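Working notes, structure below.
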Amino acid sequence: MTDRPLRLLLGFDAQAQRDKSQPPAFLHRRDRKFALVCQEQGVAPDAARWLAHLDRLSGPGTTPSAADQTLAFWRRVNTGFAAAGLVVGVLTMAGLLFYDGGQRINITVLLAFVLLQLLLALFTSVQSIVGWQPWRWLIRRFQAGEARKGTINRLHPLLMARAAHLGGLCFAVSGLVTLLVMVVVQDLAFGWSTTLETPAANYHQLVQLIAAPWAWLWPSAAPDLALIEATRFFRADAENASLDPALWGQWWPFFTMLWATWVLLPRLLLWLLTSVLIRNRARRLTSSHPAMHALLYRMETPALDTGNEHNDADDLPDTRIRDNLLPLPDSDTLLCWAGAGEPELPETLRCGKQLIVPAGGRASLTEDEQALNQIADHLKTGGNNVILLTRCWEPPTGELQDFLESARGLWPRGTRVALLPLAADINREPDTHQIQPWLRFAERVGNEFVRVSLPPLPSPALHTASGEPS
């Protein structure tokens, strides 16, 4: 039976644990974009498609996923129980049917043992349904510490019950095969006896009740009263020595069907039932997972940049401006992004610059790569600061973030970028609400690499056209 719902639950829970270390704004933008892509494709954004989408974004992994590791552990548990069941089944049946030519194989003992197996099977199912975990010590002994955490703990009783039923099923199959082999290779002698004074008629009624499920299919597997009367033995009984020895072997069809019906069949049905319960429980846990509600909210709600990413809901938005700004450093490298500084750069910015490079906007990707390489070569000759010129009224874009991420890996270590948002009027500083998005953008990229600065204002001495003294 497939473990697809269980694998989906494990993968979703592992991704939810990883997402706890990500900023909420990043998660919102990522999942909202996924929902929009699903809307364009005309499909419903469910958990399976979401995980497949994240796998494509992250690329093929070199290490097994958390779901694969957990499923591999439970496959080892199932294999261990199955192997133990096969071995113990052979040994148990050989012990039950041991016959040295003297004492008979007591059918009453076989009935008691079959009843014990049936009770164990029912007990295993009941303990799994109520959530009791008698196998907890085994899981803690062999399972890694990280694998014990998460939603999978709520499935441990059912998973362990399925393993136990699989072991019991293998026990029943190997026992049945051993029984048939011993019937062929040995001359087994069955009989029945009990210390209680039980009439043969009462024992016959008990046997008929037990054999009711298969009596219509195999009549010879339901012993009649004559056989029961003829095969009763006592501790010291010499009268039965004169009976036909063939009668003592006519019990084997009954015991074969007894084992198949009341040991093998219940284990098979309970194993299938437990597998279905695991699938249904995994589906319910996935749909009711706390991270699922958050994911659905992020996919249904547009992503907004409010400036309140690092504060509680009761606080005001983050309005710090001046203490986040960096004084404009000395640099002879100027990078003009998306046409910033056009049609003409201010003299205060152009003065002393040895390298002025345009990028972004209408520039192609090839031209952006050339600009990155040109700046990288220039920085090797000296200096570690680059002034990045932008327009303050235009919001930061993902293209610029990708450009800076490429620059971080290409430019010499220790390079710093001074992000300089220009106002429409070069004689004035940008307004506060125009600087705020760029401060948040610098935080996302990394303040150790990008900091925001204010452009220098032209000197009043340059404005003498009105005739006023400088």
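The values are calculated or read from the model by the stated rules, or taken from the named source; none is laboratory data. Fair warning: this is a prediction, and the values are worked out from it, not measured in the lab. No Cβ is skipped: glycine too gets one built from the backbone with ideal geometry, and neighbour counts run over all protein chains shown.
Out of everything in the stretch 277-289 that is in contact (Cβ under 8 Å) with a residue 12 or more places away in the chain and not polar (S, T, N, Q), what residue ends up being surrounded by the fewest Cβ atoms within 10 Å (Cβ to Cβ)?
Arg283
With respect to Pro421, determine if the residue is touching a Phe, Trp or Tyr at 6+ places or on another chain (Cβ under 7 Å), at pLDDT 85 or above and closer than 22 Å to Leu345 by Cβ.
yes
Before we move on, is Ile387 in the same structural domain as Asp330 (by TED's automatic domain parsing) and at pLDDT below 85?
No: the conditions fail for Ile387.
Filter the stretch 350-382 down to the residues that are in a loop (DSSP other than H, G, I, E, B) and either of a type outside the set (Gly, Ala, Ser) or under 48 Å from the mean Cα position of the chain (by Cα) (or both) and list them by number.
Correct list: Cys351, Lys353, Gln354, Gly360, Gly361, Arg362, Ala363, Ser364, Lys380, Thr381.
Tell me whether the stretch 153-174 contains one or more residues that are touching a helix residue (DSSP H, G or I) at 6+ places or on another chain (Cβ under 8 Å), in a helix (DSSP H, G or I) and farther than 30 Å from Arg281 by Cα.
yes
Within the stretch 1-50, work out how many residues are closer than 20 Å to Ala72 by Cα and surrounded by 17 or more Cβ atoms within 10 Å (Cβ to Cβ).
Final tally of qualifying residues: 12.
Can you tell me which residue within the stretch 93-110, out of those that are outside any loop (DSSP other than H, G, I, E, B) and surrounded by 17 or more Cβ atoms within 10 Å (Cβ to Cβ), is modelled with the lowest pLDDT?
Ile105
Please go through the stretch 330-349 and pick out each residue that is closer than 19 Å to Arg451 by Cβ and in a loop (DSSP other than H, G, I, E, B).
Of everything in the stretch 330-349, those that are closer than 19 Å to Arg451 by Cβ and in a loop (DSSP other than H, G, I, E, B) turn out to be Asp330, Ser331, Asp332, Ala340.
Condition (residue is among the aliphatic types (A, V, I, L, M), in contact with a Pro (Cβ under 9 Å, 6 or more places away or on another chain), surrounded by 14 or more Cβ atoms within 10 Å (Cβ to Cβ) and within 13 Å of Leu419 (Cβ to Cβ)) applied to the stretch 375-393: is it met by at least one residue?
yes
Just to be sure I understand the filter: pairs with C-beta atoms under 7 Å, separated by 6 or more residues or on different chains, first member in the stretch 191-219 and surrounded by 12 or more Cβ atoms within 10 Å (Cβ to Cβ), second member aromatic (Phe, Trp, Tyr) and outside any helix (DSSP H, G or I). Which pairs pass?
Between residues of the stretch 191-219 that are surrounded by 12 or more Cβ atoms within 10 Å (Cβ to Cβ) and residues that are aromatic (Phe, Trp, Tyr) and outside any helix (DSSP H, G or I), the close pairs are Gly191/Phe233; Ser193/Phe233; Ser193/Phe234; Tyr203/Trp192.
Across the stretch 330-379, what is the total count of residues that are over 14 Å from Trp411 (Cα atoms) and of a type in the set (Asp, Glu)?
Going through the stretch 330-379 one residue at a time, the tally reaches 6.
Report every pair of residues separated by at least 6 positions or lying on different chains whose Cβ atoms are under 8 Å apart, first residue within the stretch 128-141 and under 12 Å from Met160 (Cα atoms), second at pLDDT below 75 and surrounded by fewer than 11 Cβ atoms within 10 Å (Cβ to Cβ).
none
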